[in-house]
Amino acid sequence: MPNPSPIVRLDQVHLALESAAGLVPILKGVDLTLAAGEAAGLVGPSGSGKSTLMMAIAGLERVTAGTVTVAGIDLGPLDEDRLAAFRRAHIGIVFQSFHLIPTMTALENVAVPLELAGRADAAPEARRMLDAVGLAARAGHYPGQLSGGEQQRVALARAFVARPRLLLADEPTGNLDRETGNRVIELLFALNGEAGTTLLLITHDPAIAERCGRRLRMVDGRIIDGVYGG
């Protein structure tokens with residue numbers, strides 16, 4: 001069961017986005033807690049609000065009402081610079097589409113979070129993480145020279161290199177074939193277990209969600225159930 005001092009707490013979170021037709025409600029009163037070290041799989045139909053929820057937790061979307069508290073910090077009062085610094089210190093994010101910088105090598109991409117934090121050990125730590133994901137030999141390659149699975153492993157290394165307290169993964173295998181996707185998921189859980197990082201994994205695959213200690217289901221902007229594994 002969750003720790004009474006969760007790493008993530010959402011209280012009655014609402015979020016509406018602008019459209020040509022006016023404000024469209026996306027999140028409709030979401031309550032959620034995630035404990036330190038917990039792995040939670042979030043499933044639900046397309047358009048149910050899963051990715052928007054992740055963006056709200058990361059402070060990449062401002063909520064319309066309610067509170068988002070991560071690592072004991074209420075994100076609402078933070079300006080954009082403080083939010084960016086907060087993300088660098090506490091949150092890793094893995095997207096479906098990798099989001100690597102094409103003009104940087106794999107090593108340089110992984111080193112970015114540490115360099116932004118002013119870490120003097122950015123390059124050796126980035127190299128260590130590339131080795132951990134099996135890509136030490138590809139450190140000098142650019143994203144365009146890597147396969148989809150290799151790019152996603154670089155993205156995972158970048159997300160984990162600063163040892164974040166919270167990792168948010170949005171369909172991280174969505175652009176990969178099944179075999180490559182399975183390898184990436186194995187790596188994601190291995191890194192999660194090693195670092196003790198809290199994991200929120202958005203997936204369309206119930207089998208992946210089943211591997212998490214807790215499964216959450218989102219429908220029409222609300223989390224309608226959360227089941228703990230045995």
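The values are calculated or read from the model by the stated rules, or taken from the named source; none is laboratory data. Quick caveat: nothing in here was measured; it's all calculated off a predicted structure. Heads up, the Cβs are rebuilt from the backbone with ideal geometry, glycines too, and the neighbour counts pull from every protein chain shown.
Details
- Set 27, 23: member being at negative phi, in contact with a strand residue (DSSP E or B) (Cβ under 7 Å, 6 or more places away or on another chain) and buried (at least 16 other Cβ atoms within 10 Å of the Cβ): 27
- Some residue of region 142-155 being touching a strand residue (DSSP E or B) at 6+ places or on another chain (Cβ under 7 Å) and either closer than 30 Å to residue 6 by Cβ or modelled with pLDDT under 90 (or both): yes
- One residue alone among 56, 16 is among the small types (Gly, Ala, Ser) and outside any strand (DSSP E or B), and that residue is 56.
- Extreme residue, surrounded by the fewest Cβ atoms within 10 Å (Cβ to Cβ), among residues of region 203-223 that are under 22 Å from residue 36 (Cβ atoms) and among the basic types (Lys, Arg): 211
- Residues considered: 81, 131. Of these, the only one that is free of Cβ contacts under 8 Å to residues at least 60 places away in the same chain, assigned to a helix (DSSP H, G or I), more than 23 Å from residue 183 (Cα to Cα) and acidic (Asp, Glu) is 81.
- When residues of region 30-53 are limited to those that are outside any helix (DSSP H, G or I), among the hydroxyl-bearing types (Ser, Thr, Tyr) and touching a strand residue (DSSP E or B) at 6+ places or on another chain (Cβ under 7 Å), the one farthest from residue 7 (Cα to Cα): 48
- When 68, 63 are checked against the criterion of being in a loop (DSSP other than H, G, I, E, B), on the phi < 0 side of the Ramachandran plot and in contact with a helix residue (DSSP H, G or I) (Cβ under 9 Å, 6 or more places away or on another chain), a single residue qualifies: 63.
- Qualifying positions in region 204-227 - assigned to a loop (DSSP other than H, G, I, E, B), within 18 Å of the chain's Cα centre (by Cα) and among the small types (Gly, Ala, Ser): 213
- Subset tally (residues that are in contact (Cβ under 8 Å) with a residue 40 or more places away in the chain, surrounded by fewer than 18 Cβ atoms within 10 Å (Cβ to Cβ) and in a loop (DSSP other than H, G, I, E, B)) for region 3-13: 1
- Count of region 156-167 residues which are part of a loop (DSSP other than H, G, I, E, B), modelled with pLDDT of 90 or more and over 20 Å from residue 41 (Cα atoms): 1
- Count of region 180-204 residues which are closer than 21 Å to residue 95 by Cβ, in contact (Cβ under 8 Å) with a residue 40 or more places away in the chain and of a type outside the set (S, T, N, Q): 9
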